[in-house]
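Below is one structure, written out as structure tokens; comments come after it.
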Amino acid sequence: MAAAARDLRDRGRHTVNGSLAYDLDYAVRERELRHAGEAPRTQKKTKAKVYETPRVLVRARQVVSPLAVLSVAAIMGLALLVLMSYVQLTMLSAETVELRSRLTELETENVSLTAQYQRMFDMASVKEAAEAAGMTKPSSTQMSRLDLSAGDSAVAYRQKEPGLFSRILSSLHGGVYAVVEYFD
């Protein structure tokens, strides 16, 4: 029997039975063949190994800092303010373009109105219109001259301060007048 086992061992090493894959049970078979025919050994009882699965540690719930919430709110507020300022800037630039075009129109209109004004108030036509209306230059007897070489003087009079009764009466009069005006 030992020879048969030896032949089996030798044959397994030198021959290939259709597969070059590793024989994973080779060591077990070798041990069984070496100990074939021997009395079974008594094995000491060993405690069964208990494998514990590691407990999954759950991360504690994190507390959100009020400062972080305030800073995010402040950043969002600032972003909103920037957006609103861009909207205002766009509206102002559109209004500026509109006002510039209106200014160009008004300048053109001013040039035409100034030319029309100068045509209407030609001194020769004004003189003719004045003579037609009966206007003449004033004579020297119609003119009088003022002498302003003397210094100016002014007199300021101080009013008497009103009494308590007159102030109450004027205040009451103002209040009644305001109420009547409101309901009219």
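The values are calculated or read from the model by the stated rules, or taken from the named source; none is laboratory data. Just so we're clear, the structure is a prediction, and the values are computed from it rather than from any experiment. In case anyone asks, the SASA skips ligands and DNA or RNA and just uses the protein heavy atoms, side chains included. Shrake-Rupley method; radii C 1.70, N 1.55, O 1.52, S 1.80 Å.
Residues that are part of a loop (DSSP other than H, G, I, E, B), open to solvent by less than 100 Å² (accessible area, probe 1.4 Å), at negative phi and not aliphatic (A, V, I, L, M) occur at least once in region 111-132. When you look at VAL97, is it open to solvent by 90 Å² or more (accessible area, probe 1.4 Å), at negative phi and at pLDDT 95 or above, yes or no? So VAL97 fits the description; yes.
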